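S.K.: My questions will all concern the structure given below.
What follows draws every value from the coordinates through simple rules; no lab data is involved. What you see is a predicted model, and the numbers here were worked out from it, not measured in a lab. Cβ placement follows ideal geometry from the backbone for every residue including glycine, while neighbour counts extend to all protein chains displayed.
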Amino acid sequence: MLRYQGSPGEHDETLRQALRDLGWVEGRNVTFEYRWADGRGDRLPALAKDLVRSNVDLIVTNTAMGGLAAKNATKTIPIIMATGAEAVENGVVASLARPGGNVTGLSEHYATIHTKLLGLLHETLPEVTRVAFLVNTALGSDGIGGTGHRSRDALQAAAPSLAISLRTFEYRHDAGFDGALQAAAHERPGALIVPAAIYTANGPRIAEVAAKTRIPVFSLADIPVEKHFGLVAYGPDWLDMYRRAATYVDKVLKGAQPADLPVQQPVKFNLTVNLKTARQLGITIPPVVLLQATKVIE
């Protein structure tokens, strides 16, 4: 498994459990090898090549950049994306219906989901008119990065209709993250939107800055929002996507070809509201938002 994060978590256990339910038991008929990028996208190509050298039978990835790194490393080993933003636009597969090559799995459209998140931000904090968006544009060094640009463009297009002024804070290397975060915080926006991968990799630091400056954080990533001072998360049901990815792993290990398996999209979405953070910030979450929530953190 090729992972952007630096440690195993709930998603990995969900995949393993789903595979156990399908008859793939670790230590009996399947072995897992992990390669962790520790939140550094630039490490993924080398880690993918290392997995290929290990002669694995199949690679599971959890980001579009991971999927592309694996695709660039091998044209023969099957690759299953448990998640992979905008896989077509980022060149990971030829199309959703006919992925071609050796990659398939699940893919989400971040630009659309970020636009929905902005709408929820407006419902939650209708008085907010200035919003910051933090994005790593260097994820494109190996062909990925359009994801951040597309989300930025979609948010900028949607913001005026909500009377919101959106400012993007970009950085191009992992070392530039803290500077971009500090610059965003210095502007004292009414809210901050953080992409899922950035929040997952930098949750504690984002929580530290957001708590100090009292900035509400919105993201697609539910677990960091729950653990690291986030206010609202809206996005795909990631655990459901990992369960569905397990069915693709099962099919391919039994002989199916990735090129013949259409790339699927999310069918379940979660809205997480962190009332603990809301109380700390003195924010009252409107009933219309709470009624939509699938999870409320007390």
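S.K.: Between helix 64-73 and the chain, what is the angle of the helix's C-alpha long axis to the longest principal axis, kept within 0 to 90° and rounded to the nearest 10?
M.R.: Orientation of helix 64-73: about 30 degrees from the principal axis.
S.K.: Which one of 209, 92, 60 has the biggest mean-square fluctuation once the chain is modelled by GNM with Cα springs under 10 Å?
M.R.: Sorting by GNM fluctuation, first place goes to 209.
S.K.: Of the residues 96, 22, 271, which exhibits the maximal mean-square fluctuation in a Gaussian network model of the chain defined by a 10 Å Cα contact cut-off?
M.R.: Largest GNM mean-square fluctuation: 22.
S.K.: Can I ask one more? Using square roots of five times the C-alpha gyration tensor eigenvalues, list the equivalent-ellipsoid semi-axes of the range 162-227 in whole Å, biggest first. Show your work: numbers first, answer last.
M.R.: Details: eigenvalues 54, 44, 30 Å².
Three semi-axes, in Å: 16, 15, 12.
S.K.: In deg cm²/dmol, rounded to 500, what helix-only [θ] at 222 nm does the chain give when every DSSP H run of at least 4 residues adds -39500 (n - 2.57) and the total is split over its residues?
M.R.: Calculated mean residue ellipticity at 222 nm is -12500 deg cm²/dmol.
S.K.: I'd like the distance separating the alpha-carbon centroids of the range 47-77 and the range 111-127, in whole Å.
M.R.: With the range 47-77 and the range 111-127 each reduced to a Cα centre, they are spaced 35 Å.
S.K.: Roughly how many Å is it from the Cα centre of the range 251-298 to that of the range 163-242, as a whole number?
M.R.: So the two Cα centres are separated by 16 Å.
S.K.: Just to be sure I follow: if Rg is taken over the C-alpha atoms of the range 61-129 and Rh is the Kirkwood radius over the same atoms, what is Rg/Rh?
M.R.: Ratio of gyration radius to Kirkwood radius: 1.19.
S.K.: Could I ask something else about it? Using a cut-off of 13 Å between beta-carbons, work out the net charge of the residues near residue 244 (Lys and Arg +1, Asp and Glu -1, residue 244 not included).
M.R.: Around residue 244, the charge tally is -2.
S.K.: Kindly work out what percent of the DSSP beta bridges joining two residues of the chain are antiparallel, to the nearest 5.
M.R.: Details: 5 of 34 bridges.
Taking every DSSP beta bridge within the chain, about 15 percent pair in antiparallel fashion.
S.K.: To test your reading of the geometry: what angle, between 0 and 90 degrees and rounded to tens, separates the Cα axis of helix 238-253 from the longest principal axis of the chain?
M.R.: Relative to the chain, helix 238-253 is tipped by roughly 10 degrees.
S.K.: Here's another thing I want to ask about it. Cβ under 14 Å from residue 185's Cβ, residue 185 left aside: what net charge do those residues give with Lys, Arg +1 and Asp, Glu -1?
M.R.: +3
S.K.: Also, quick follow-up: Compute the projected area of the convex hull of the Cα atoms of the chain, averaged over all viewing directions, and report it in nm² to one decimal place.
M.R.: In nm², the orientation-averaged hull projection of the chain is 14.5.
S.K.: When the Kirkwood radius is taken over all Cα pairs of the range 251-298, what Stokes-Einstein diffusion coefficient follows at 25 °C and 0.890 mPa s, in µm²/s?
M.R.: For these conditions, the coefficient is 175 µm²/s.
S.K.: For residue 116, go through the lysines and keep the ones whose alpha-carbon is under 30 Å away, minus same-chain ones fewer than eight residues off.
M.R.: Here the lysines satisfying the reach criterion relative to residue 116 are 212, 227, 268, 276, 295.
S.K.: If I model the range 156-284 as equal point scatterers sitting on the Cα atoms and use the Debye formula, what is log10 I(q)/I(0) at q = 0.11, 0.12, 0.14, 0.21 Å⁻¹?
M.R.: Once normalised to I(0) and log-transformed, intensities are -0.50, -0.58, -0.73, -1.21.
S.K.: Can you check what the net charge comes to around residue 134, using other residues whose Cβ is under 12 Å from the Cβ of residue 134 (Lys, Arg +1; Asp, Glu -1)?
M.R.: Residues close to residue 134 contribute a combined charge of 0.
S.K.: Pick from 108, 187, 86: which is most flexible by mean-square fluctuation in a GNM of the chain where alpha carbon atoms under 10 Å apart are linked?
M.R.: 187
S.K.: So how many Å³ per residue does the convex hull of the Cα atoms of the range 15-105 work out to?
M.R.: Numbers: hull volume 9.5 nm³, N = 91.
Per-residue hull volume (Cα only) is 105 Å³.
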